[in-house]
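I have placed the structure first, in the form of structure tokens, so that the comments after it can refer back to it.
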Amino acid sequence: MAPHKIVLRFTATTSDQPIIYHLVKDYDLVVNIVKAKINPHLEGTMVLDLDGERYEEGIQYLRDQGITVHPLTQEVVRNHDRCTSCGACTGHCPANAIYMERPSMEVQFNGDKCVVCLQCLKVCPVRAMEVRI
Amino acid sequence: MKPSNHPASPGQVLIPAEDFLLTDKRCVQWRNIQTSSVKKGFISCQGKEHEGRIKMGIERTYAEINARIKTGKAVVLTAEEVIGKVREQGLSKTAAEVDVVTTGTFGPMCSSGAFLNFGHSAPRIRMSKVWLNGVPAYTGIAAVDAYIGVTEIAEDDPTNSNYPGEFRYGGGHIIEDLVAGKPLKLEATSYGTDCYPRRDIETTITINDINEAILFNPRNAYQNYNCAVNLGDKTIYTYMGTLKPQLGNANYSTSGQLSPLMKDPNFSTIGIGTRIFLGGGTGYVVWNGTQHFPGWLKDGDGNIVGSAGGTLSVLGDLKQMKPQWLRGTSFQGYGVTLTVGLGIPIPILNEEILRYAALSDEELHAPVVDYSDGYPNRKPGNLGLVSYAQLKSGKITVQGKEVPTAPLSSYPKAREIAHTLKEWIQKGDFLLGEPVQLLPGPAAGLTGKVLENK
């Protein structure tokens, strides 16, 4: 089964705690931090790929700490009419969901591998990558 | 070139007169010439030097090619297809068969824009400021003429005040929207004159409502371009895209073996009046582009490994172009521009022209340039040359490090342009324009001037 993609929201009192350490150490979970951000009010947002046998226990631990947990429901889609297959995005996708097919040099997008980091939306020169909620 | 059976001095080969084409056709008295003098492009005849070149196999004229196009007999290959053909059967045989090679490129070209004439309102206005969808156009020309440049942005665009800026909409998008037939808000103001009393107007236009819309791009089709990297410690946002620190990625922006000016590096066929594919319609080369400094790219041993520096000034009626070939484009942290589809047919007038038109990605190179310090501070030099075959493979090696590559110019679209142009020519719809004057080539030795801060 593919890892769960989840969004965590930290308050100012939880954002400085070693939460991820405990997920790994105490619950033996495999963690991939896709995106992490702390705003000027010290509130944090983190997008995670999370996997492991004790996944449910790990989620309960997060909730017990006062961290809100939501499944990642955003989805990145490619507007085929706008995409020119230039390839500018291909160097920026951390999940290799966007890649160049060779030798045709056509850009391919595999939505299943997308971790919704939204990097492609920013680097696409013709704004062909869009986000759906 | 056939060796003559006339007696020759030691170390000299004589060439039949008919194989040497004189630039000055008035001298016809000589019979045989020395290869040593021919190599320099001159022959001696009765004490006078004459300019010319050796005839290399097949020779064609524009008139002959156009006659074949009109009867549907012209043999046309794309710049990609011709490479395999020459590898398979050699230069001479291919030159004897192929009349035209078509090229294509689809990349961001910032020196682009359109002249628009809006028609006159009642009462009339001499527009001194014009905005289209909030984006200013240049009006320092006649009453209701304006030039919308593709890098123009709205006056209230936050630009890089929220770094890196998004630059979502600008002149390039205006041109795409115009060509797509979308209505645009037109605002104009004026100081008012006796003959043009009106002081402001706000209305809506489409491309069909206005008199002329002429795409006029002062610098397009850059012959070659830098492969951009970042040697610095932070991500940078450039017109070559987002570059990750410490050689995190490398961006390049030409179609390599399909790129028009790399396939005619001597400017032997491209000149004023060359008919081209422009923005999905027909356009023309009207002059050299700005910063036109054509030259050769040489490796450390002085071998030619490509060409660089040439540019074109092109023009065409925007009303017959298509939005999928003129795309409003945004570079995060840099600005807006227009991605332009452009393709040029290269007439195979002789074998020499084919030799260049058949150059492949393996033989064409680009310089790797640092955009964290080298480029912005105009420091000379580069980080080495890489071939387009390497660039297209997805990784290059710079300073011993493997760096992933990505293009900013679409190779599939460039290929589609070359194929479209090929179809137009094969159908007899598109005749070649014989230049009334060729553009300066590498032999002209043009180089750039720099701006001194006096």
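Bear in mind that the values in this text are calculations on the coordinates, not laboratory data. Fair warning: this is a prediction, and the values are worked out from it, not measured in the lab. Every residue, glycine as well, gets a Cβ built from its backbone with ideal geometry; the counts of neighbours run over all protein chains shown.
Measuring between alpha carbons in the structure, the pairs from B:Lys319/B:Lys427; A:Lys37/A:Lys113; A:Lys35/B:Lys379; B:Lys129/B:Lys449; B:Lys73/B:Lys93 lying more than 27 angstrom apart are A:Lys35/B:Lys379; B:Lys129/B:Lys449. Computed from the alpha carbon atoms alone, the convex hull of chain B holds 203 Å³ per residue.
Where only DSSP H runs of four or more residues are counted, chain B gives -4000 deg cm²/dmol as its mean residue ellipticity at 222 nm, each run worth -39500 (n - 2.57).
Using only the Cα atoms of the stretch A:1-124, each taken as one equal point scatterer with no solvent, compute I(q) by the Debye sum, divide by I(0), and report log10 of the ratio at q = 0.21 Å⁻¹. Once normalised to I(0) and log-transformed, intensities are -1.14. Length gained on full extension, B:Thr235 to B:Thr290: 16.8 nm, using 0.36 nm per residue less the C-alpha separation. Electrostatic bookkeeping for A:Lys5 treats Lys and Arg as +1 and Asp and Glu as -1; over the other residues with beta carbon under 15 Å from its beta carbon, the sum is 0. Length gained on full extension, B:Asp200 to B:Asp373: 57.6 nm, using 0.36 nm per residue less the C-alpha separation. For chain A, adding -39500 (n - 2.57) for each run of n ≥ 4 DSSP H residues and dividing by the number of residues yields -5000 deg cm²/dmol at 222 nm. In this structure, B:Glu452 and B:Glu402 have a Cβ-Cβ separation that, at R0 = 30 Å, corresponds to a calculated FRET efficiency of about 0.15.
Among A:Gly44, A:Ile33, A:Pro18, which residue has its Cα furthest toward the positive end of the charge dipole of the stretch A:4-71, with +1 on Lys/Arg Cβ and -1 on Asp/Glu Cβ? Checked the options; the winner is A:Gly44.
Over all pairs of different C-alpha atoms, the stretch B:64-164 has a mean inverse distance whose reciprocal, the Kirkwood radius, equals 18.7 Å. Summed over all non-identical Cα pairs, the Kirkwood treatment of the stretch B:141-269 gives a radius of 18.9 Å. Compared with the alpha-carbon gap, the fully stretched path from A:Val30 to A:Glu57 is longer by 8.4 nm at 0.36 nm per residue. Note on the protein assembly as shown: dipole from Cβ charges, positive end direction compared against B:Cys195, B:His419, B:Gly149; the farthest Cα belongs to B:Cys195.
What you get for the protein assembly as shown, charging only the Cβ of Lys and Arg (+1) and of Asp and Glu (-1), is a dipole of about 1380 debye around the Cα centre.
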